[in-house]
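Below you'll find the structure, written out as structure tokens, and then a few comments.
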Amino acid sequence: MINKRIILKKWILSVLAWMLIVYFYCFLTIFALKPFFLHSPVTEYFYSGYVHLEVFLTGLIFGTLFELVNYFSDYSGFRRRSFGFIILTKSILYFFSLVICFTAVFVIFYYFEILSLEHFAFFKEKMLRFRFLAPIVAYFSFFVFLMNFIIVINKKFGPGVLIDLLRGKYYHPREEQLILLFIDLKGSTTIAESMGHEKYSQFLRECVHELTPVLIKNEANVYQYVGDEIVLHWKIEDGLERLKCLDTFFEFRRRLDERKNHFQNKYGVYPEFKAGMDTGEVTITEIGDIKREIAFHGDVLNTASRLEKECNKYGKWLLVTENLIDKVVATNGYKFEFLDDIHLRGKHKSVKFFAVSHP
């Protein structure tokens with residue numbers, strides 16, 4: 001299931017954003033010019049205050065339709081299509097959403113007799129003129145493009161990272177307490193050799209598609225996709241909330257189990273992933289000039305990566321450190337089995353690690 005809190009938050013932000021966009025349009029085209037209008041149904045409408053109701057309804061309806069289009073493109077099989085196809089289809093859906101929105105507002109005003117018949121006749125005549133509709137469509141199209149551009153950039157960097165880059169949060173290195181989860185495909189070298197690079201890339205892409213809804217539900221942040229390895233992170237309090245950091249891995253495995261026949265029939269192999277997890281202090285900073293990104297440094301990354309590689313040795317799917325287990329308050333059905341100590345290069349102190357299982 002998709003995290004309902006995230007969906008609600010995105011819907012509220014979308015509605016508020018479109019209300020502000022419509023208000024801005026009113027400011028540009030109405031409030032700045034109304035002193036120059038002759039007395040007409042237009043000026044009467046502006047001074048009546050109903051324009052604020054129109055803004056509210058337009059923002060509510062179009063903001064809702066805007067999120068529905070994005071939800072459809074993000075959480076359905078539609079997201080597996082080519083980028084160009086997605087852009088074209090979404091543009092058509094946005095246009096119809098705009099038509100539905102304006103029609104709905106007009107019907108609501110007419111049904112509840114908010115305006116007189118004289119007003120409706122006047123506005124109906126104006127709305128049928130191209131020179132009246134063209135600026136509105138152009139204005140909304142620009143902001144649809146702008147908001148989708150921000151959404152795409154936000155997906156590129158990860159939720160919230162774009163804002164952090166703009167305000168220079170990590171321009172100077174800073175330390176944060178994080179949970180790091182390294183997920184890697186088991187037997188990747190053998191699978192890649194048997195499939196060939198092109199088919200193997202498609203295979204990995206499908207696996208990541210299955211992971212995406214799990215990441216959204218459990219509010220996981222993607223640090224890197226490196227080959228067949230995926231590196232996720234949470235702030236400690238967020239990852240431990242309802243043990244979302246553990247749920248992410250096991251829910252991912254369950255989704256792959258549900259599509260086992262599909263992978264077997266299409267690729268001749270079933271994907272199995274192993275993982276390592278640790279928590280602690282991570283230094284975060286911006287790095288690079290030609291291509292800028294957020295970089296993580298610290299022993300936590302080394303430990304989590306090392307544990308992920310130890311899974312094969314111990315025949316386990318997920319290994320975590322004692323650091324993480326010490327912070328777990330309620331196990332939520334998870335079982336932890338002590339396995340061994342791990343000695344890290346350059347460190348005198350060993351780290352105890354455990355295998356995680358879930359019924």
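The values are calculated or read from the model by the stated rules, or taken from the named source; none is laboratory data. Bear in mind the structure is a predicted one, so any value in this text is a computation, not a measurement. Every residue, glycine as well, gets a Cβ built from its backbone with ideal geometry; the counts of neighbours run over all protein chains shown.
Of note:
- Residue, nearest to Lys260 (Cα to Cα), within segment 208-237, restricted to residues that are more than 16 Å from the chain's Cα centre (by Cα) and surrounded by fewer than 20 Cβ atoms within 10 Å (Cβ to Cβ): Glu229
- Subset of segment 261-277 (residues that are part of a strand (DSSP E or B) and either without any contact (Cβ under 8 Å) to a residue 40 or more places away in the chain or touching an Asp or Glu at 6+ places or on another chain (Cβ under 8 Å) (or both)): Phe273, Lys274, Ala275, Gly276
- Residue list for segment 254-280, restricted to those being in contact with a Pro (Cβ under 8 Å, 6 or more places away or on another chain) and surrounded by fewer than 17 Cβ atoms within 10 Å (Cβ to Cβ): Arg255
- Residue-level analysis places Thr29 among those that are more than 24 Å from Lys217 (Cβ to Cβ), at pLDDT below 80 and out of contact with any Asp or Glu (no Cβ under 6 Å at 6 or more places or on another chain).
- Failed criterion for Arg242 (all others in (1) buried (at least 17 other Cβ atoms within 10 Å of the Cβ); (2) within 18 Å of Ile6 (Cβ to Cβ); (3) out of contact with any strand residue (DSSP E or B) (no Cβ under 9 Å at 6 or more places or on another chain) hold): (1)
- Selection status of Glu322, modelled with pLDDT under 95, over 30 Å from Ile163 (Cα atoms) and surrounded by fewer than 20 Cβ atoms within 10 Å (Cβ to Cβ): yes
- Any hit, segment 55-73, residues being modelled with pLDDT under 75, surrounded by 14 or more Cβ atoms within 10 Å (Cβ to Cβ) and not acidic (Asp, Glu): no
- Qualifying positions in segment 1-26 - modelled with pLDDT under 75 and among the β-branched types (Val, Ile, Thr): Ile2, Ile6
- Among the residues of segment 166-182, those identified as within 20 Å of the chain's Cα centre (by Cα) and either within 27 Å of Asn323 (Cα to Cα) or at pLDDT below 70 (or both) are Leu178, Ile179, Leu180, Leu181, Phe182.
- Selection of segment 292-302 for residues being without any contact (Cβ under 8 Å) to a residue 60 or more places away in the chain and assigned to a helix (DSSP H, G or I) yields Asp299, Asn302.
- The listed residue being modelled with pLDDT under 95, surrounded by fewer than 18 Cβ atoms within 10 Å (Cβ to Cβ), out of contact with any Pro (no Cβ under 7 Å at 6 or more places or on another chain) and among the hydrophobic types (A, V, I, L, M, F, W, C), out of Ala330, Ala304: Ala330
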